[in-house]
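Worksheet for the structure shown next.
The values are calculated or read from the model by the stated rules, or taken from the named source; none is laboratory data. On a predicted model such as this, the values are computed, not experimentally measured, just so you know. Every residue, glycine among them, receives a Cβ derived from its backbone with ideal geometry; neighbour counts consider all protein chains shown. Note: areas computed on protein heavy atoms with side chains; ligands, DNA, RNA excluded. Shrake-Rupley method; radii C 1.70, N 1.55, O 1.52, S 1.80 Å.
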Amino acid sequence: MAIDTPVKTSAGRRSRGPSASAGPVRRARAPRRLWVKIVVTLLLVVEIYPLIWMLLTSLKSNDDYLNNSTWSLPTTWEWGNYTEAWTTGHLGLYVQNSLLAVLPALALMLLLGTAAGFALQIMVWKGRSLTLLVFLAGMMVPPQMILLPLFTVYFQTGLSGTLWPLILTYTGTGLPLTVFMMATYYRTVPRELFEAATIDGAGILRAFWTISVPMVRNALLTVGLVQFFFIWNDLLIALTFTNNQDLRTIQVGLLNFTGDFGATQYGPLFAAICINVFGTLLIYLFLNQKVMKGLTSGAVKG
Amino acid sequence: MHRVLGDRRAIAILLGPALLVYSLIMLVPIVWSLGYSFTQGNTIEGFTGNGGANFSRLFEDPAVRDALWFTLTYAALVTVGQVVAGYLLALLYVFFLKRSSALIRTLAFFPVVLPTVAVGLLFQKFFQVAPQTGPVNSLLNAVGLDSIDFFGSAGSAFWVLILMDIWRSMGFYAVLLFAGLVDIPDEVLESARLDGASGLRLIRHIVLPLSLPVLMSSLIFSINGTLKVFDSVVALTNGGPGNGTTPLTLYMFQTSFTYSDYGYGSTIALLLTVVCLLVSLAVYRVSRRDITEG
């Protein structure tokens with residue numbers, strides 16, 4: 001339990017001399033190191049074993065899964081489970097739907113959010129802190145509060161049979177965090193820069209687009225990643241607005257996966273979970289520092 | 001010079017679209033939903049006003065009481081669990097692993113980005129007893145214990161849910177709190193050590209008070225999120241067995257879309273919103289008092 005104290009041990013070593021302290025110090029440190037190693041190993045097993053188990057199970061046949069030990073390796077490696085999940089299980093279609101809903105929403109949200117963040121942080125006018133507060137309030141409201149009126153509107157305007165309800169709802173619900181984070185990033189950009197640009201003859205809109213947007217490019221990537229994970233992993237909104245099986249996003253599709261197959265086919269089900277999990281994991285592994293920073297800074301500021 | 005940055009037309013062009021979309025998707029529906037709570041019916045059959053009937057029903061509905069209780073206990077347990085687990089991990093990162101913690105941090109953050117539906121299905125199979133004994137029950141059998149049907153009773157399903165959500169999020173809180181711990185100046189820690197504080201005493205009297213602000217914002221963030229729990233419940237238990245693991249969010253969803261009762265669904269959504277606001281406000285006030293006193 002003791003906190004590692006290099007200062008103290010090295011000081012002690014210096015005062016008592018190496019011969020006197022080497023023994024007791026080493027003995028005191030050894031169990032401490034072992035303790036840390038055990039905790040770290042346990043942590044790794046807990047974090048990673050479920051994923052390995054899932055991967056191995058996705059390569060088993062139904063027989064293999066039901067009759068052999070859950071610890072065993074696949075007797076035959078059924079790579080066909082993946083093609084089955086992708087085509088027969090319609091996972092390919094679901095991924096396509098997700099992309100078609102998520103990417104436009106993301107682009108729209110970032111564009112509108114950046115412009116609003118600029119107007120709220122750089123521009124000077126009465127009532128801008130109140131407007132920012134109105135945006136912020138949106139983060140507290142549970143999405144259940146807006147589902148039913150939106151469902152009614154989408155139904156009456158005939159948008160229900162398309163992916164537009166998802167695009168619009170994701171954009172709207174994502175705006176509070178986007179606006180807030182962009183406004184925060186603009187706080188580090190001095191206003192004088194834009195005043196100077198307008199003296200040189202650029203309009204303020206032009207200054208926004210050609211000067212401020214490139215300056216917050218990094219922030220755009222961070223906010224974009226955060227929102228991507230939120231929207232890609234969303235279940236509630238997608239479940240509400242996609243009655244049509246052909247419009248299902250990947251999460252809704254995965255949830256209904258066993259239903260589509262009638263009797264449960266475990267191999268393809270696990271393959272579908274794997275595709276979903278390792279797809280997001282891949283993005284994370286490439287950009288892990290950015291993702292961690294983005295997700296946590298969004299949390300603290302929100 | 002203020003004329004340039006105060007250009008009303010530019011402000012309207014920049015802010016207008018965002019404000020419009022936000023108003024149409026969030027603000028108007030919130031007010032509209034309030035209106036629904038005084039009606040009965042749904043989009044297809046039409047709505048008829050029923051005065052305050054939904055509200056009196058809300059207070060007498062035992063399912064609401066159960067769902068509210070479930071939501072609050074879930075939020076409390078998961079919040080404590082994930083913040084404590086995250087804090088212990090953060091202490092491990094800062095004081096034991098030091099510079100070598102980057103890899104562990106990355107790995108422990110894995111589950112945070114995974115889709116909840118996939119994690120829910122995975123845990124369902126991980127803890128299942130039939131048709132195949134999952135790893136957890138196999139482990140129990142291996143040490144000579146009987147299999148447990150985790151999803152057979154609301155009590156055990158609840159604990160699997162709690163465990164899953166702590167597994168999912170502790171890496172997130174670990175990184176959040178890690179950032180807070182790294183900010184503690186080295187001089188403070190070293191002078192405390194020279195004064196003889198070490199181990200638990202150092203954590204209790206120096207580290208904990210200094211990381212209180214970030215602990216508090218973690219708590220607020222966690223409560224705000226856990227009160228809205230939906231995905232993990234739907235994917236893991238779908239509210240069952242019976243209504244044993246149904247939070248307010250899911251009860252609202254079922255009332256609205258399974259039973260097509262939009263009016264009562266809106267009333268439940270309103271209750272959820274009020275609960276979220278009240279709890280957040282309470283936590284916020286307590287945390288502010290603590291920080292100024294500490």
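Facing chain A (nearest Cβ under 7 Å) and crowded, with 17+ Cβ neighbours inside 10 Å: is that true of B:Ser37 in this structure? Show your work before the answer.
Numbers: facing chain A (nearest Cβ under 7 Å): no; crowded, with 17+ Cβ neighbours inside 10 Å: yes.
For B:Ser37, the condition - facing chain A (nearest Cβ under 7 Å) and crowded, with 17+ Cβ neighbours inside 10 Å - is not met.
Which members of segment B:217-235 meet the condition of being more than 11 Å from every other protein chain (Cβ to nearest Cβ) and not β-branched (Val, Ile, Thr)?
B:Leu219
Say whether the condition of being assigned to a helix (DSSP H, G or I), surrounded by 14 or more Cβ atoms within 10 Å (Cβ to Cβ) and away from chain A (no Cβ under 14 Å) is met by at least one residue in segment B:45-54.
Yes: one or more hits.
Is one or more of the residues making up segment B:35-43 at pLDDT 90 or above and part of a helix (DSSP H, G or I)?
Scanning segment B:35-43 turns up at least one residue that is at pLDDT 90 or above and part of a helix (DSSP H, G or I).
Identify, please: which residue in segment A:53-68 is under 17 Å from B:Leu122 (Cα atoms) and open to solvent by 60 Å² or more (accessible area, probe 1.4 Å) and is, among those, farthest from the chain's Cα centre (by Cα)?
Within segment A:53-68, the match that is farthest from the chain's Cα centre (by Cα) is A:Leu66.
Any residue in segment B:259-283 that is at the interface with another protein chain (Cβ under 10 Å from one of its Cβ atoms) and aromatic (Phe, Trp, Tyr) sitting within a Cβ distance under 7 Å of a residue that is crowded, with 16+ Cβ neighbours inside 10 Å and in a helix (DSSP H, G or I)? List the pairs, counting only those 6 or more apart or interchain.
From segment B:259-283, the pairs are B:Tyr262/A:Leu148; B:Tyr262/B:Tyr36; B:Tyr262/B:Ser256.
Quick one: count up the residues across segment A:222-243 that are at the interface with chain B (Cβ under 9 Å from one of its Cβ atoms) and within 11 Å of the chain's Cα centre (by Cα). Walk me through how you get there before you give the answer.
Residues of segment A:222-243 that are at the interface with chain B (Cβ under 9 Å from one of its Cβ atoms), as a first pass: A:229, A:232-236, A:239-240.
Checking the rest, the ones that are also within 11 Å of the chain's Cα centre (by Cα) come to A:229, A:232-234.
Qualifying residue count for the region: 4.
Assess whether B:Gly199 counts as being modelled with pLDDT under 85 and within 14 Å of chain A (Cβ to nearest Cβ). Walk me through how you get there before you give the answer.
On the way: modelled with pLDDT under 85: yes; within 14 Å of chain A (Cβ to nearest Cβ): yes.
Spelling it out, B:Gly199 is indeed modelled with pLDDT under 85 and within 14 Å of chain A (Cβ to nearest Cβ).
For segment B:236-245, what are the residues that are open to solvent by 10 Å² or more (accessible area, probe 1.4 Å) and either more than 11 Å from every other protein chain (Cβ to nearest Cβ) or under 15 Å from B:Asp66 (Cα atoms) (or both)?
B:Thr237, B:Gly240, B:Pro241, B:Gly242, B:Asn243, B:Gly244
Are there any pairs with C-beta distances below 7 angstrom linking a residue in segment A:131-149 that is at the interface with chain B (Cβ under 7 Å from one of its Cβ atoms) and more than 16 Å from A:Leu166 (Cα to Cα) to a residue that is modelled with pLDDT of 90 or more and not in a helix (DSSP H, G or I), with the two at least 6 apart or on different chains, and if so which?
Hits for this filter: A:Pro142/B:Lys228.
One line per residue, one yes/no per condition, for (1) open to solvent by 60 Å² or more (accessible area, probe 1.4 Å); (2) within 26 Å of A:Gln265 (Cα to Cα); (3) modelled with pLDDT of 90 or more; (4) assigned to a helix (DSSP H, G or I):
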{"site": "A:Thr70", "(1), (2), (3), (4)": "no, yes, no, no"}
{"site": "A:Trp77", "(1), (2), (3), (4)": "yes, yes, no, no"}
{"site": "A:Gly89", "(1), (2), (3), (4)": "no, yes, no, no"}
{"site": "A:Gly92", "(1), (2), (3), (4)": "no, yes, yes, yes"}
{"site": "A:Asn97", "(1), (2), (3), (4)": "no, yes, yes, yes"}
{"site": "A:Val102", "(1), (2), (3), (4)": "no, no, yes, yes"}
{"site": "A:Leu111", "(1), (2), (3), (4)": "yes, no, yes, yes"}
{"site": "A:Phe118", "(1), (2), (3), (4)": "no, no, yes, yes"}
{"site": "A:Ser129", "(1), (2), (3), (4)": "yes, no, yes, yes"}
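Just wondering, is there one or more residues in segment A:108-121 that are closer than 16 Å to A:Ile237 by Cα and within 7 Å of chain B (Cβ to nearest Cβ)?
No.
For segment A:131-141, give me each residue that is open to solvent by 40 Å² or more (accessible area, probe 1.4 Å) and either in contact with a Lys or Arg (Cβ under 7 Å, 6 or more places away or on another chain) or at pLDDT 90 or above (or both).
A:Leu133, A:Val134
Against the definition (at pLDDT below 90 and outside any helix (DSSP H, G or I)), how does A:Ala202 come out, yes or no? Full working, then the answer.
Details: at pLDDT below 90: yes; outside any helix (DSSP H, G or I): yes.
Considered against the rule, which asks whether it is at pLDDT below 90 and outside any helix (DSSP H, G or I), A:Ala202 comes out as yes.
Does B:Ser211 qualify as being open to solvent by less than 40 Å² (accessible area, probe 1.4 Å), within 17 Å of the chain's Cα centre (by Cα) and of a type in the set (Ser, Thr, Tyr)?
Taking the combined requirement at face value, the residue does not satisfy it.
Within segment B:180-194, is even one residue out of contact with any Asp or Glu (no Cβ under 8 Å at 6 or more places or on another chain) and under 30 Å from B:Pro247 (Cβ atoms)?
yes
With the requirement that a residue be more than 8 Å from every other protein chain (Cβ to nearest Cβ) and either surrounded by fewer than 16 Cβ atoms within 10 Å (Cβ to Cβ) or in contact with a strand residue (DSSP E or B) (Cβ under 6 Å, 6 or more places away or on another chain) (or both), what does segment B:5-34 give you?
Across segment B:5-34, the qualifying residues are B:Arg9, B:Ala12, B:Gly16, B:Leu20, B:Ser23, B:Val31.
What are the pairs with Cβ atoms under 6 angstrom where one residue, in segment B:221-245, is on the phi > 0 side of the Ramachandran plot and the other, located anywhere, is assigned to a loop (DSSP other than H, G, I, E, B) and surrounded by 17 or more Cβ atoms within 10 Å (Cβ to Cβ)? Sequence gap at least six, or different chains.
If the second residue must be assigned to a loop (DSSP other than H, G, I, E, B) and surrounded by 17 or more Cβ atoms within 10 Å (Cβ to Cβ), the pairs left are B:Gly239/B:Thr245; B:Gly239/B:Thr246.
Give segment A:142-177 a look and list any residue that's open to solvent by less than 30 Å² (accessible area, probe 1.4 Å) and either among the charged types (D, E, K, R) or assigned to a loop (DSSP other than H, G, I, E, B) (or both), or say none. Even if it seems obvious, please write down each step before you answer.
Going through segment A:142-177, the residues open to solvent by less than 30 Å² (accessible area, probe 1.4 Å) turn out to be A:142, A:144-152, A:154, A:163, A:165-167, A:169-172, A:174-177.
Correct list: A:Pro142, A:Leu163.
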